[in-house]
Structures are given as structure tokens and as C-alpha cells.
Amino acid sequence: MAKLINGNKISGDIKNEIKEEVKELERVKGIKPGLGVILVGEDPASKVYVANKQKGCDEVGFLSDTVKLPETATEAEVLKQIEIYNSRKDIHGFLVQLPLPRQIDKTKVLEAISPLKDVDGFHPINIGKLFAQQDGFVPATPAGIIEMMKREKITIKGKNATMVGHSEIVGKPCALLLLNEWATVTVCHIETRDLKMHTINADILISAVGKPYLIKEDMVKDGAVVIDAGINRITVDKANPELLSWRKSDFDTKGATLIGDVDFQKVEQKASVITPVPGGVGLMTIAMLLKNTLKAAKDFAQLK
Ligand code: NAD
């Protein structure tokens, strides 16, 4: 049976460390880190993420500021708000919650954010810094995946690592981080012909796709480290009998449950270490976003 990585404990530890640093920063420099969020439209998932970001800020003692723009907002209105955050001294980092409504060009928006305040790490300058192994902002979810492994004392150097998923938000930056840690990295995506061929030899297997049961037991090497970043909401009408009984209390109370990309109950019998969903990678994202914001505030205070 695999050891479970406890995302709740690790993210809690990170938040406690941040809290201590915030006190110190306030004491020494009189600075309280500030995180700004621009939310455009009414996407329900985005609203939940933004609320969680605000809650995270409160937990660690940051200033949090949210600007809500209507679904019909123009690109110029979003760019104007970015300019305001770029110049505000009390906001050290900010992000524009994705996805954006159609009329707004995501690339233009991301490029307008000052790279020094780009705590999501999506600005091309920060992407380049990750590529070149320079100090910059790394996207929170992949940074959280690596942080989890480091805190669990999992060796990355010299290992075969397979990243399933190649998005700009998770897969690609995670593959680069693994490479920067000296893993031998394989990246798979929707056009990969034979996924199993690439996963079966992975000492470290990471999935960030958004497809339930994509990673099955016969695709996993004995003793592998399995990190599941996928988040899939399964409603009671779509659940198979096994899931209905495993997550009975979720279905009874909420009519739905969250699972990852990995067939967890079978794969946990083969892996040496595994992350659960929920309670794994998902919890790391906000902790790492807060860590990035603390870094932005420390850089601002020239207190590296
Ligand atoms: P995305 O849709 O942008 O990317 C999905 C990736 O999966 C693509 O690279 C695609 O090529 C690949 N893919 C699709 N089908 C595949 C298949 N059959 N075999 C191999 N690869 C396949 O999604 P994303 O934003 O990267 O998110 C991926 C998952 O991670 C989602 O479930 C999302 O909810 C989750 N996620 C979690 C967090 C978090 O834990 N906080 C953060 C971001 C995303």
C-alpha cells in the first residue's frame, strides 16, 4: 500500500512559515504583503477560487484586494485595472483570474502585468526565467508539486519522470521544473499514441489532464511515486458502483465527489507514494501563490 502525501499538512506548514515571515517583514520593514485579484465575469469555479485566495490571504496576514468586472467588460477596462495594480505600492503581487470572456485577449492581458508582480508566473518573462533557471515567479500548481516531493524527501535527480498533460499552467512548467531538478523527463499529451509505453517506466508519474481513470494500475511501475493534479467532479448519475460506495458520504450529502486522473484505489496498491484527490496537490496551489506573493513583497523591500 502506498504512503499518502498529506497536502493538508504540507500546505498548512507552508502557510505557518509564511505567517512568521509576514510578522518579520512588518516588524523590520513595515510592509504587509498585498495580493490583488482581477475577476472578470461570473464563472462559478473562478468565484470559488477567488474566495479561496482571499481566505488564504486572511490566514497568513496579507492584505487582499479583489476587483470584480462584469462579463461584458472591455479589454481596455481590464488593462486599465492592471495598470492600477502595477503602480499600487500596497499590492506586491496580483493576478487576472482565468478564463477570461471571449472579447478579451488573454495574451495581451498577461503581458500587461508587471513581471515583478506576476505571482501566477504566466508572463513570458517569468516563463523565460523558469526556462533559463533564473530567479522569477513559477506557476503555483507545478511549484506545489515539486515542493511536495521535496518536503517528502523524494529524490528527483536521476529519476525517470513522466508528465501527462502539457498545459501552460501545469504540465509544461512542471516538466521544466523536473528537468531543472535533473530528472529525465517525458511529456505526454492528447496526441501521445501509446500513453502506457511512456508511463510504465516512470519512477515519478504526474498527471494533470482532467480525465477520470486515465491512469490505470497496469500503466504504473511497481513502487512509483504518483502525483495526481487532475480534478474531476463526478455527479451521482455519472459514478460507477465502486465510486458510489467509496464516496458514499459525498454523494449522500453533496450529490457529487471530486476525483483525480488516477484510478486511486487500484494504483495505491502498486505505487510507493501517492497523492489523494482531494487533499493532495489542490491544496498546494494557494499555499504556493501566497509564497509567491511573499517573495514579491520581499523583493519590493529588497529583503531577499
Ligand atoms: P488543460 O485542459 O489546459 O490541459 C490538459 C492537458 O491534458 C493537455 O496538455 C492535453 O494535451 C492533455 N490530455 C488530454 N487528454 C489526454 C489524454 N487522453 N492523454 C494524455 N494527455 C491528455 O488543463 P490544465 O489546466 O492543465 O488542468 C489539468 C487538470 O489539472 C484539470 O483536471 C484541472 O482541474 C487540474 N488543475 C488542478 C490545479 C490544482 O490542483 N490546484 C490547478 C490547475 C489545474
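The values are calculated or read from the model by the stated rules, or taken from the named source; none is laboratory data. Note that the structure is a prediction, hence the values are computed from the model and not measured. Note that each Cβ is placed from the backbone with ideal geometry, even for glycine, and that neighbours are counted across all protein chains shown. The protein model used for the area step is the full one, side chains on, heavy atoms only, and it has no ligands, DNA or RNA in it. Shrake-Rupley method; radii C 1.70, N 1.55, O 1.52, S 1.80 Å.
Per-structure values
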| quantity | calculated |
| --- | --- |
| Accessible surface, per residue, of the chain when the full set of protein chains is kept, probe 1.4 Å, Å² | 50 |
| Within segment 140-282: Cβ-based charge dipole about Cα centre, in debye rounded to nearest 20 (Lys, Arg +1; Asp, Glu -1) | 160 |
| Segment 140-282 - convex hull of alpha carbons, volume per residue in Å³ | 109 |
| From the C-alpha gyration tensor of segment 1-78, square roots of 5λ in Å | 29, 22, 8 |
| Kirkwood-based Rg to Rh ratio, segment 31-114, C-alpha trace | 0.96 |
| Computed helical MRE - 222 nm, the chain, DSSP H runs ≥ 4 contributing -39500 (n - 2.57), nearest 500 | -13000 deg cm²/dmol |
| Segment 220-298 and segment 91-111: distance between their alpha carbon centers, rounded to Å | 27 |
| 15 Å reach of a label modelled at Ala256, 7 Å along Cα-to-Cβ, counting backbone N of segment 78-110 | none |
| Degrees separating the helix 171-180 axis from the principal Cα axis of the chain, which is the longest one | 90 |
| Convex hull volume of segment 4-47 per residue (C-alpha atoms, cubic angstrom) | 89 |
| Selection from Ile204, Val262, Gly158, by position along the positive dipole direction of segment 147-304 (Cβ) | Gly158 |
| For segment 31-114: relative contact order, % (alpha-carbon pairs under 8 angstrom, 6 or more apart) | 42 |
| His123, His166, His198, reordered so the largest accessible area comes first (probe 1.4 Å) | His166, His198, His123 |
| Kirkwood hydrodynamic radius of segment 207-281, from inverse mean 1/r over distinct Cα pairs, in Å | 12.5 |
| Potential extension, Ile200-Lys248 segment - 0.36 nm per residue separation minus Cα distance | 14.1 nm |
| Length added when fully stretched, Ile84-Glu59, from 0.36 nm per residue minus Cα-Cα | 6.5 nm |
| Over the chain, equivalent-ellipsoid semi-axes from the Cα gyration tensor in Å | 33, 22, 20 |
| Cross-link table Lys47/Lys295; Lys117/Lys150; Lys32/Lys157, entries beyond 32 Å C-alpha to C-alpha | Lys32/Lys157 |
| Asp13 paired with Asp222, simple spin-label distance in nm, labels 7 Å along Cα-to-beta-carbon | 3.0 |
| Candidates Val226, Val138, Val185, ranked by Gaussian network fluctuation over the chain, Cα under 10 Å, top entry | Val185 |
| Accessible-area composition of the chain, carbon plus sulfur, in percent [1.4 Å probe] | 55 |
| Where labels lie 7 Å past Cα in the beta-carbon direction, separation of Gln133 and Lys238 in nm | 4.1 |
| Unit charges on C-beta of K, R, D, E only; dipole of the chain, Debye | 500 |
| Nearest 10 degrees, 0 to 90: helix 7-29 Cα axis against the chain principal axis | 20 |
| Relative contact order (%) - segment 140-282, alpha-carbon pairs under 8 angstrom, separation at least six | 23 |
| Degrees, to the nearest 10: 140-151 long Cα axis against longest axis of the chain | 60 |
| Among Met149, Ala45, Ile274 - extreme Cα towards positive end, dipole of the chain, charges at beta-carbon | Met149 |
| Cβ-derived FRET efficiency at R0 35 Å, Asp105 paired with Lys29, nearest 0.05 | 0.40 |
| Cα-centre dipole for segment 25-122 with unit charges at Cβ (Lys and Arg positive, Asp and Glu negative), debye to 20 | 300 |
| Choice from Thr257, Thr285, Thr162 showing the highest fluctuation, given a GNM over the chain with Cα pairs closer than 10 Å | Thr257 |
